[in-house]
Amino acid sequence: NQPGPPPLPAAEQREFEELVRRAQAPLSTSPKVLERHPDARKPVPPEFIGEVNPKTGEVGGPKREPVKFGDWSYGGKVTDF
């Protein structure tokens, strides 16, 4: 005897539970859903392929310089002198 909404008829209850199940299902991974928006920027291509940087010889380092154009960064903040 707890307060609550009145129970639904059996057919409507089944329909409600099915709709809830569909809403909680993982998102569809169809190609149309995953398509890139036409106005979105294109991903930046890697500077090199593999683990060894051909310019510096560094193994396993960053693939692309995170700070560009002579900027200086500290603690996630970038300044340009």
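Where a number appears in this text, it was derived from the coordinates with a stated rule and is not lab data. In this text, all values refer to a predicted model and were calculated from it rather than measured experimentally. No Cβ is skipped: glycine too gets one built from the backbone with ideal geometry, and neighbour counts run over all protein chains shown.
Would you tally the net charge around residue 20, using a Cβ to Cβ cut-off of less than 14 Å, leaving residue 20 out, and scoring K and R as +1, D and E as -1?
Its environment carries a net charge of -1.
Net charge in the neighbourhood of residue 51 (other residues with Cβ under 12 Å of its Cβ; Lys, Arg +1, Asp, Glu -1) is 0.
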